[in-house]
Each structure stands twice: as structure tokens, then as C-alpha cells.
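The structure under discussion appears below in the form of C-alpha cells.
The values are calculated or read from the model by the stated rules, or taken from the named source; none is laboratory data. In this text the structure is predicted, and so the values were computed from the model without any measurement. Neighbour counts are summed over all protein chains in view; Cβ atoms, including those assigned to glycine, are modelled from backbone coordinates with ideal geometry. For accessibility, only protein heavy atoms count, side chains too; no ligands or nucleic acids. Shrake-Rupley method; radii C 1.70, N 1.55, O 1.52, S 1.80 Å.
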Amino acid sequence: MIESINGKIISINNNDLVINVGPISLSILIPSSDKYLSLNEGDEIKISTVLDVKEDSLTLIGFLENNERELFQKLITVKGVGSKVAISILSTITANELIESVASNNHNIIKQVSGIGDKTAKLILVQLQGQLDNIPHSANNLDLEIQIEATQAVQALGYPPDQIKKIINEINSSDKYKLSLTSEELIRIVLDKISIAND
């Protein structure tokens, strides 16, 4: 088992990260969420890994945080969820959102992931119930249903989901928004931030 890798980033392109370790360059499959895409060539990083062994391939999968690796390992135990689907989930929603979705039995946020419908989202919730309790995470400031409502409303106005998601993640991680927001308030904040970003 390759537990982790320390090395210098040679290149990063969506889900493909190439790290130089001594005389070897390793290609690692990673989530394509903002914190991974903000990595730069030449950065020295430590990445936790999982080796996915199939009959015809070996794929090294990497994560910046151990809780993401634990979630990935839990996700691939769910019937119909392989490595690529698990990476797609962790590319689209945060570890905190996934843990809270399972804890609150709310499959709607998982349905935001491309290619995942009602059946698979509900299956993930059922099979992961009680399995994520010991994985460290920080609670979101925003209610999941409110996040979903705001995302759908702003998306309906023609704004890209990636931009909306990034802004909502920033709000969740900010100390500025400790009080509960209604979906209308969140929509207004997101639209204001989009307007500022597009000026």
C-alpha cells in the first residue's frame, strides 16, 4: 500500500496530477475541485494515496486531506460506485457536504453530481449510514436544502454551476456568515458576488 507521496508537481490538468519523486514521475488521479485546481507547477506537496488495482490497470488516486481519502474508500464500497464516480462526487461536493448529506439522510446534494440519479444517491445514503461518524469534518454554516435551492435558482438565471458552487463554498468557510441565511438571502449574496466578479 502506498500511503502517501511527497514530491514536486510537474503538471496538473483537471483530474490528472503528475508528481516528480526522485527519478520517477507519477501520474495521480485527483478530484477536480477548487483546492486541487489551485495547485501550481513546481509546488512541493504531500498527497495521501489509494492504489486502485484492476485486472487491466493500476491507478494511483491522491487526496490532499485524509478525510477525503477515507470518504473515497467508503464510496467505492457502494454498489455501482467505482473510482471514477467516487472522484466525480468529491470533485463536485465537499467532504463536509457529503458527510452532512449522509448524516441528515438528504440525497439531493449528491444528485448535483453529474451522472448520479435518485437511485444511486439514495443507495449511497443507505449504505454509508453510520460509517462516516468518525471521519473528521467541520459543519457547514448553511443548511443543505438552502444551498440546493439557491444553487438551482441562480443556475436558472444562466450562471454556471461551478461559479455558484465556488461562491457558496467561500460563504461556508467564511466567519462573516455565522447566522443562518434564508435561501432568498443566499441567492442575493451569490448574485452580488457574481456581479462583483464579472465587473
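Odds and ends about this structure:
- Pairs of Lys residues in the stretch 19-176, spaced 8 or more positions apart or belonging to different chains, with C-alpha separations under 20 angstrom: 23 in total.
- Global size of the stretch 47-106 as Cα Rg and Dmax, reported in angstrom: 11.8, 38
- Accessible area in the full protein assembly, largest first, 1.4 Å probe, for Arg69, Arg188: Arg188, Arg69
- Exposed loop sites here mean GluC sites (Glu not before Pro) with a DSSP loop assignment and at most 15 other beta-carbon atoms within 10 Å; the chain contains its longest site-free run at 66-199.
- Expected-Rg normalisation [2.2 N^0.38 Å, Cα atoms] applied to the stretch 10-93: 1.07
- Converting phi to 3J(HN,Hα) with the Karplus coefficients 6.51, -1.76 and 1.60 and the offset θ = phi - 60°, the stretch 116-121 yields 10, x, 3, 4, 5, 4 Hz in sequence order, with x at every glycine or proline.
- In the full protein context, the chain carries 54 Å² of accessible surface per residue, based on a 1.4 Å probe and ignoring ligands, DNA and RNA.
- Only one item in (i) 1.02; (ii) 0.94; (iii) 1.07 matches Cα Rg over 2.2 N^0.38 Å derived from the coordinates shown, and that item is (iii).
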